[in-house]
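Step one of this worksheet: look at the structure below.
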Amino acid sequence: MRYRLTIEYQGTRYHGWQGQENARTVQGALLQAARELFGVPVDLQGSGRTDAGVHAIGQVAHLEVAKALPEERVVLGINDNLPSDINVLEARRVDGRFHARHHATGRSYLYQVSRRRTAFGKPLVWWVKDRLEIEPMRRAAVGLAGMRDYASFTDRRIEKDTSTKVLVREAEIVEAGELILVRLRASHFLWKMVRRVVGCLVGVGRGEISGTDFEALFAGPTPYPARVTAPPSGLFLEEVIFPGEEFRRPLEPVLPVSRPQRRDRAASAAQQGAPRSATARGGRGS
């Protein structure tokens with residue numbers, strides 16, 4: 001019996017997706033949870049490997065097991081055996097030939113850049129202290145779409161047996177409160193490609209690299225992207241699609257980071273002169 005699983009996870013505590021000996025991984029945790037549920041050997045393969053610290057809101061995996069359970073029972077049973085930072089969203093019975101990685105036709109990654117320090121979202125964003133100009137970043141991102149050679153945005157030692165040309169279907173940058181959201185959709189991605197693209201776009205937003213220099217990164221391998229690789233904390237595997245499917249997820253934050261409220265002096269003075277609330281008088285707030 002083969003199931004298609006849709007999974008979300010916060011990757012902060014894990015050494016990536018791929019199972020490893022003597023290391024906590026997302027795949028390893030899921031395999032253990034599935035074995036405990038079914039009581040027999042299982043196999044689980046994901047649509048792609050996320051690196052240490054990278055998250056997912058729509059990872060897809062196939063689960064092979066010589067035992068059948070109702071789909072709802074699979075979701076509830078696996079989740080009961082998982083830590084709180086991994087969650088199975090859906091389980092569907094699929095044809096035994098379905099393969100989460102080989103049959104995927106598109107993948108979408110989301111990156112969250114925060115323009116302010118946040119007490120709640122640090123593991124899920126990259127806080128950039130410098131002022132970022134959004135319009136130059138958007139203009140640079142336009143050039144990402146289409147078939148381009150991303151040799152400068154990966155490590156040839158890792159990708160030595162594969163082409164570095166990638167067809168990017170869509171590249172978007174939007175503002176959401178104090179977040180800058182960068183989304184790339186493509187058939188596949190190279191190792192660290194998204195994080196290095198984001199690092200270069202932030203360089204454009206800082207004024208450290210011009211739009212012309214950004215475009216020149218595609219002319220041939222250059223070490224600049226490796227030096228400005230964005231941290232894994234802000235990266236999410238957002239969505240994976242298969243034949244007959246289209247991307248559907250709206251571009252929105254995983255964790256909103258709103259603009260801090262700034263009280264004007266008149267309002268502050270008026271509040272200081274007003275009677276204190278019962279909570280303030282009692283000195284026992286929540």
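Taken together, the values in this text are just the output of simple stated rules run on the coordinates, not laboratory data. Please read these numbers as outputs of a predicted model, since none were measured by experiment. Every residue, glycine as well, gets a Cβ built from its backbone with ideal geometry; the counts of neighbours run over all protein chains shown.
If each DSSP helix of 4+ residues adds -39,500 (n - 2.57) and the sum is divided by the residues in the chain, what number results at 222 nm, nearest 500 deg cm²/dmol?
On the way: 8 runs with 70 residues, N = 286.
One gets -7000 deg cm²/dmol as the mean residue ellipticity at 222 nm.
Between residue 36 and residue 249, the simple spin-label model (points 7 angstrom out along Cα→Cβ) gives 2.6 nm. Counting neighbouring beta carbons within 10 Å and listing from fewest to most, the residues 65, 40 come out as 40, 65.
Taking a quarter of the surface of the Cα convex hull of the chain gives a mean projected area of 20.2 nm².
Given their separation in residues at 0.36 nm each and the Cα-Cα distance between them, residue 215 and residue 117 gain 32.2 nm when the chain is fully extended. The length gained on full extension between residue 187 and residue 22, counted as 0.36 nm times the residue separation minus their Cα-Cα distance, comes to 56.2 nm.
Here, P(r) means the percent of Cα pairs in each 10 Å bin from 0 to the largest distance; for the range 2-94 it is 18, 57, 24, 1. In terms of the mean number of neighbouring beta-carbon atoms within 10 Å, the peptides 124-135, 47-58 order highest first as 47-58, 124-135.
What is the extension gain from residue 76 to residue 131, computed as 0.36 nm multiplied by their sequence separation minus the C-alpha to C-alpha distance, in nm to one decimal?
15.3 nm
Cα centroids of the range 169-231 and the range 25-40: 36 Å apart. Total lysine pairs in the range 106-241 at Cα distances under 25 Å, for residues eight or more apart or on different chains: 4.
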